[in-house]
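Participant: One structure is given below, represented as structure tokens, and several questions about it will come after.
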Amino acid sequence: MSSQSTQPMVKAENVHKSFGHLKVLKGIDLEVAHREVFCLVGPSGSGKSTFLRCINHLEQINGGRLSVDGRLVGYREKGDKLYELKEKEVAAQRRDIGMVFQRFNLFPHMTALTNVMEAPVQVKGESKSVARERALKLLDRVGLADKAKNYPTQLSGGQQQRVAIARALAMEPKLMLFDEPTSALDPELVGEVLDVMRGLAEDGMTMIVVTHEMGFAREVGDALVFMDDGVVVEAGHPRDVLGNPQHERTKSFLSKVL
Amino acid sequence: MTDPLDKVPADVPPDGGRDASPRKYSGPIKAVPVRHYGRWISAVVVLGLLALLVRAFADAQIQWSVVGDQITNGTFAWGAWETLKITVYSMVIGVVLGAILAVMRLSPNPVLSSVAWGYIWFFRGTPVLVQILLWFNLSLVFQYLDLGFIYRDEMNQVMTPFVAALLALGLNEAAYMAEICRAGIQSVDSGQTEAAHALGMKGGKTMRRIVLPQAMRVIIPPTGNEFINMLKTSSLAFAIGYGELFLRGREFGSRTLAIMEGYIVISLWYLALTTVFSIGQYYLERYYARGSSRSLPPTPLQRLRKQLSSFRVQSNVGGVKV
Ligand SMILES: Nc1ncnc2c1ncn2[C@@H]1O[C@H](COP(=O)(O)OP(=O)(O)OP(=O)(O)O)[C@@H](O)[C@H]1O
Ligand SMILES: [Mg+2]
């Protein structure tokens, strides 16, 4: 069992990841506390998405240790040996971690409502009526109660992303990962998605957010990490890192995006 | 006005007072539609050619009365039934086995993918007529079908024309369906699999619930094609004496010497069968198209109405101008 006071939600120690010869993560160390909104910023190709995908084992790390709520991701440690987890165990770990993608990735053959119901029914074996009840509540929470019957193609980008957030929340995760949730959206649709995320943060959800929305990071974030070329360059409170960057690379990056 | 930033006087409403008088161009557009003279002319030409063709066949030495009598004859009706039966059963084997082979082929397990590759290589690489004859003559090399305790019988008792045709057509079809299913599965965006995995779904469930339903849109049109091909390819089973439609047509011809009449009758039956299947395919495609565009494609009736009206009104959507 984990306890909130001692255990961080996510703990990365010297995490390495490469694709063939390409080294993408070169020793990431960081900790995300419970109920924290943790922002990850950095230039394109710096490995932000890769790190996020490692947290729910969509990618397998090659070195270091990565754990969520006190449990190693994708491995079991016995003695001084690591054993790969079976598919079933990996799937069980992922249930507790919600993920929101840049390109929404809603299931196009299902309505907004059935998108949200799918995982609770199929993964948790919840009854349809219970799942429907909760799905309707979640759609209402993201402001889409009236769009339950619509297919994703019949929704705007901002609406699709809000359904995607509701879909992830339906599994009642303890951690939410957001990979540039607003960067595929038209500027006027960004606000509605950020509003939903702000609400989640206020309710105490632990969130890791890869974003270029520095306003959101400054206002909602509790911690911010600047990554470049597979390493953490600078970390701290968003107010400090964004307002008073210490490193040259951080300064030049921020001068481009702010 | 001298100052371009001058405010509109306060007594004029912000929209410039347009509400005061009725707006210009209110109400729907009533325009004179484009006339499609080309369509009228080509329709007349086609109808004329059709009339010539009908007259030629009416005057030819065909005993149309025989065709009319035989079309409802039980022997042909039963032949059509046998054709339908072997087609449906073979396609069921083909689709199920083909889907399994496709998943095997895409599996990271090298044993599974090699087995699938070998299967497809063999069954696509030999003529289906040869496969039919190989199955039918299996008793020449294996006298007994021996499945240990479960089952044991003489091979030529088991390998009836129906069973031989079913095995040959079904297993051959599976090789083609495997490739069709593979293309369909690969057409689904990998983000879909990732989203399902991120929600905690395992591989099998992701395939069944998320990937295959989306792959169906790509799989169904060529499968419909395969179905219609199978209706006709099943005629090769005549070579081992299976009493399907083609065999009946041939036998009728040699018995009564009304050769052309027999073939015309079975052609009409084949046309009827393929027509029914084409209609079924259309509605199946419509079902799996849900969610892929903002509105469903029209039913044939809606389309016919639209096509007829296109003789009068310009239709920019999908209509080829003639
Ligand atoms: N599956 C993969 N195979 C090979 N290379 C990959 C793969 N996924 C990512 N990469 C490479 O890893 C590097 C980091 O990619 P990543 O997507 O993590 O960057 P990012 O920081 O999220 O960038 P962006 O802001 O553009 O999303 C890139 O050079 C990318 O080409
Ligand atoms: Mg990225």
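Participant: Within the stretch A:22-49, can you find the residues that are crowded, with 19+ Cβ neighbours inside 10 Å and within 13 Å of ligand 1 (Cβ to nearest atom)? Give the steps one after another, and end with the answer.
Facilitator: The first filter runs over the stretch A:22-49 and keeps only residues crowded, with 19+ Cβ neighbours inside 10 Å, leaving A:24-25, A:28, A:30, A:32, A:36-42, A:46-49.
Within the stretch A:22-49, A:Val24, A:Leu25, A:Ile28, A:Leu40, A:Val41, A:Gly42, A:Ser46, A:Gly47, A:Lys48, A:Ser49 meet the criteria.
Participant: Can you find a residue that is within 16 Å of ligand 1 (Cβ to nearest atom), at pLDDT 95 or above and at positive phi anywhere in the stretch A:2-15? Spell out how you get there, then give the answer.
Facilitator: Just the residues of the stretch A:2-15 that are within 16 Å of ligand 1 (Cβ to nearest atom), to begin with: A:12, A:15.
Within this subset, residues satisfying the condition of being at pLDDT 95 or above are A:12, A:15.
With at positive phi added as a condition, the list becomes none.
Scanning the stretch A:2-15 turns up no residue that is within 16 Å of ligand 1 (Cβ to nearest atom), at pLDDT 95 or above and at positive phi.
Participant: Looking at A:Tyr83, A:Tyr75, which is the one that is buried (at least 19 other Cβ atoms within 10 Å of the Cβ) and of a type in the set (Ser, Thr, Tyr)? Reasoning before the result, please.
Facilitator: Working: A:Tyr83 fails: buried (at least 19 other Cβ atoms within 10 Å of the Cβ).
After applying the criteria, what remains is A:Tyr75.
Participant: Determine whether A:Arg53 is among the charged types (D, E, K, R) and within 30 Å of A:Lys251 (Cβ to Cβ).
Facilitator: Spelling it out, A:Arg53 is indeed among the charged types (D, E, K, R) and within 30 Å of A:Lys251 (Cβ to Cβ).
Participant: While we're here: How many residues does the stretch A:54-72 hold that are more than 12 Å from chain B (Cβ to nearest Cβ), within 19 Å of A:Met207 (Cα to Cα) and either under 15 Å from the mean Cα position of the chain (by Cα) or open to solvent by less than 30 Å² (accessible area, probe 1.4 Å) (or both)? Even if it seems obvious, please write down each step before you answer.
Facilitator: Within the stretch A:54-72, the subset more than 12 Å from chain B (Cβ to nearest Cβ) is A:54, A:60-72.
Applying the additional criterion that residues be within 19 Å of A:Met207 (Cα to Cα) yields A:54, A:66-72.
Now drop any that are not either under 15 Å from the mean Cα position of the chain (by Cα) or open to solvent by less than 30 Å² (accessible area, probe 1.4 Å) (or both), which leaves A:54, A:66-69.
Residues meeting the conditions: 5.
Participant: Can you name the residue in the stretch A:110-124 that is free of Cβ contacts under 8 Å to residues at least 40 places away in the same chain and open to solvent by 20 Å² or more (accessible area, probe 1.4 Å) and is also nearest to the other protein chains (Cβ to nearest Cβ) among such residues? Quick ask: steps written out before the conclusion?
Facilitator: Residues of the stretch A:110-124 free of Cβ contacts under 8 Å to residues at least 40 places away in the same chain: A:113-114, A:121-122.
Okay, now just the ones that are also open to solvent by 20 Å² or more (accessible area, probe 1.4 Å), so A:114, A:121-122.
Numbers: A:Thr114: 10, A:Val121: 10, A:Gln122: 6 Å.
Among residues in the stretch A:110-124 that are free of Cβ contacts under 8 Å to residues at least 40 places away in the same chain and open to solvent by 20 Å² or more (accessible area, probe 1.4 Å), the one nearest to the other protein chains (Cβ to nearest Cβ) is A:Gln122.
Participant: Something else now. If you go through the stretch A:61-100 one residue at a time, how many are in a loop (DSSP other than H, G, I, E, B) and either over 19 Å from A:Val10 (Cα atoms) or among the basic types (Lys, Arg) (or both)? Reasoning before the result, please.
Facilitator: Here is the first cut: in the stretch A:61-100, the ones in a loop (DSSP other than H, G, I, E, B) are A:61-62, A:69-70, A:73-74, A:79-80, A:85-86, A:96.
Narrowing further to those that are either over 19 Å from A:Val10 (Cα atoms) or among the basic types (Lys, Arg) (or both): A:79-80, A:86.
Of the residues in the stretch A:61-100, 3 are in a loop (DSSP other than H, G, I, E, B) and either over 19 Å from A:Val10 (Cα atoms) or among the basic types (Lys, Arg) (or both).
Okay, residues lined up against (1) within 16 Å of ligand 2 (Cβ to nearest atom); (2) away from chain B (no Cβ under 14 Å); (3) over 16 Å from the mean Cα position of the chain (by Cα); (4) within 21 Å of B:Glu194 (Cα to Cα):
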{"site": "A:Met176", "(1), (2), (3), (4)": "no, no, no, yes"}
{"site": "A:Pro181", "(1), (2), (3), (4)": "yes, no, no, yes"}
{"site": "A:Gly199", "(1), (2), (3), (4)": "no, yes, no, no"}
{"site": "A:Met207", "(1), (2), (3), (4)": "no, yes, no, yes"}
{"site": "A:Val210", "(1), (2), (3), (4)": "yes, yes, no, yes"}
{"site": "A:Glu213", "(1), (2), (3), (4)": "yes, yes, no, no"}
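Participant: Inspect all residues belonging to the stretch A:246-254 and state whether any of them is out of contact with any His (no Cβ under 8 Å at 6 or more places or on another chain) and within 16 Å of ligand 2 (Cβ to nearest atom). Let's see the steps before the verdict.
Facilitator: Filtering the stretch A:246-254 down to residues out of contact with any His (no Cβ under 8 Å at 6 or more places or on another chain) leaves A:246-254.
Going one step further and asking which of them are within 16 Å of ligand 2 (Cβ to nearest atom), we end up with A:253.
Yes.
Participant: Does A:Gly98 meet the test of being more than 16 Å from ligand 1 (Cβ to nearest atom), touching a residue at least 24 places away in the same chain (Cβ under 8 Å) and surrounded by fewer than 18 Cβ atoms within 10 Å (Cβ to Cβ)?
Facilitator: On the way: more than 16 Å from ligand 1 (Cβ to nearest atom): yes; touching a residue at least 24 places away in the same chain (Cβ under 8 Å): yes; surrounded by fewer than 18 Cβ atoms within 10 Å (Cβ to Cβ): no.
Against the criterion (more than 16 Å from ligand 1 (Cβ to nearest atom), touching a residue at least 24 places away in the same chain (Cβ under 8 Å) and surrounded by fewer than 18 Cβ atoms within 10 Å (Cβ to Cβ)), A:Gly98 does not qualify.
Table: residues versus (1) within 25 Å of B:Gly118 (Cα to Cα); (2) touching a strand residue (DSSP E or B) at 6+ places or on another chain (Cβ under 6 Å); (3) among the hydroxyl-bearing types (Ser, Thr, Tyr); (4) away from every other protein chain (no Cβ under 12 Å).
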site	(1), (2), (3), (4)
B:Pro161	no, no, no, yes
B:Ala178	yes, no, no, yes
B:Gly184	yes, no, no, yes
B:Asp189	no, no, no, no
B:Glu194	no, no, no, no
B:Ile210	no, no, no, no
B:Pro213	no, no, no, no
B:Phe227	yes, no, no, yes
B:Ala239	no, no, no, yes
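Participant: Hey, can you tell me all the residues within the stretch B:78-95 that are open to solvent by 40 Å² or more (accessible area, probe 1.4 Å) and either without any contact (Cβ under 8 Å) to a residue 60 or more places away in the chain or in contact with a Gly (Cβ under 9 Å, 6 or more places away or on another chain) (or both)?
Facilitator: Hits for the stretch B:78-95 are B:Trp78, B:Trp81, B:Lys85, B:Val88, B:Tyr89, B:Val92, B:Ile93.
Participant: A follow-up question, please. Would it be correct to say that A:Glu89 is in contact (Cβ under 8 Å) with a residue 60 or more places away in the chain, away from ligand 2 (no atom under 16 Å from the Cβ) and within 22 Å of A:Lys174 (Cβ to Cβ)?
Facilitator: Considered against the rule, which asks whether it is in contact (Cβ under 8 Å) with a residue 60 or more places away in the chain, away from ligand 2 (no atom under 16 Å from the Cβ) and within 22 Å of A:Lys174 (Cβ to Cβ), A:Glu89 comes out as no.
Participant: Given the structure, is B:Gln307 out of contact with any Asp or Glu (no Cβ under 6 Å at 6 or more places or on another chain) and either at pLDDT below 90 or at positive phi (or both)? I'd like the intermediate steps shown before the answer.
Facilitator: On the way: out of contact with any Asp or Glu (no Cβ under 6 Å at 6 or more places or on another chain): yes; either at pLDDT below 90 or at positive phi (or both): yes.
For B:Gln307, the condition - out of contact with any Asp or Glu (no Cβ under 6 Å at 6 or more places or on another chain) and either at pLDDT below 90 or at positive phi (or both) - is met.
Participant: Follow-up question, since we're still on this one. Return the residue satisfying two criteria in turn: it lies in the stretch A:16-60 and is of a type in the set (S, T, N, Q), in contact with a Lys or Arg (Cβ under 9 Å, 6 or more places away or on another chain) and in a loop (DSSP other than H, G, I, E, B), and of such residues it is farthest from ligand 2 (Cβ to nearest atom).
Facilitator: The residue in question is A:Gln60.
Participant: Go through (1) open to solvent by 50 Å² or more (accessible area, probe 1.4 Å); (2) modelled with pLDDT of 90 or more one by one and return the number of the condition B:Ser234 breaks.
Facilitator: It fails just one condition, (1).
Participant: Something else about it: For the stretch B:257-271, what are the residues that are touching a residue at least 40 places away in the same chain (Cβ under 8 Å) and either within 14 Å of chain A (Cβ to nearest Cβ) or open to solvent by 50 Å² or more (accessible area, probe 1.4 Å) (or both)?
Facilitator: Within the stretch B:257-271, B:Met260, B:Leu268, B:Trp269 meet the criteria.
Participant: List the helices (runs of 4 or more DSSP H) that sit entirely inside the stretch B:35-153 and contain at least 2 residues that are closer than 25 Å to B:Gly243 by Cα and over 30 Å from the mean Cα position of the chain (by Cα). Before the answer, list the steps.
Facilitator: On the way: elements: B:37-59, B:64-70, B:74-106, B:110-124, B:128-136.
Of the helices (runs of 4 or more DSSP H) lying wholly inside the stretch B:35-153, those with at least 2 residues that are closer than 25 Å to B:Gly243 by Cα and over 30 Å from the mean Cα position of the chain (by Cα) span B:64-70.
Participant: Follow-up question, since we're still on this one. Quick one: which residue in A:Arg103, A:Arg94 is within 16 Å of ligand 2 (Cβ to nearest atom) and within 17 Å of the chain's Cα centre (by Cα)? I'd like the intermediate steps shown before the answer.
Facilitator: Details: A:Arg94 fails: within 16 Å of ligand 2 (Cβ to nearest atom).
Checking each option against the conditions leaves just A:Arg103.
Participant: What pairs can you find where one residue is in the stretch A:30-57 and farther than 16 Å from A:Val233 by Cβ, the other is hydroxyl-bearing (Ser, Thr, Tyr) and more than 9 Å from ligand 2 (Cβ to nearest atom), and their Cβ atoms are less than 7 Å apart, with a gap of 6+ or different chains?
Facilitator: Here the result reads A:Val32/A:Thr206; A:His34/A:Thr206; A:Arg35/A:Thr206; A:Glu36/A:Thr206, each pair linking the stretch A:30-57 to a residue that is hydroxyl-bearing (Ser, Thr, Tyr) and more than 9 Å from ligand 2 (Cβ to nearest atom).
Participant: Kindly indicate whether B:Leu245 is away from chain A (no Cβ under 13 Å), hydrophobic (A, V, I, L, M, F, W, C) and open to solvent by 50 Å² or more (accessible area, probe 1.4 Å).
Facilitator: Working: away from chain A (no Cβ under 13 Å): yes; hydrophobic (A, V, I, L, M, F, W, C): yes; open to solvent by 50 Å² or more (accessible area, probe 1.4 Å): no.
Judged against the criteria, B:Leu245 is not a match.
The values are calculated or read from the model by the stated rules, or taken from the named source; none is laboratory data. Keep in mind it's a predicted model, so treat the numbers as computed, not measured. Cβ coordinates were reconstructed from backbone atoms using ideal geometry, including for glycine residues, and neighbour counts include every protein chain displayed. Side chains are part of the model used for accessible areas, which takes the heavy atoms of the whole protein and leaves out ligands, DNA and RNA. Shrake-Rupley method; radii C 1.70, N 1.55, O 1.52, S 1.80 Å.
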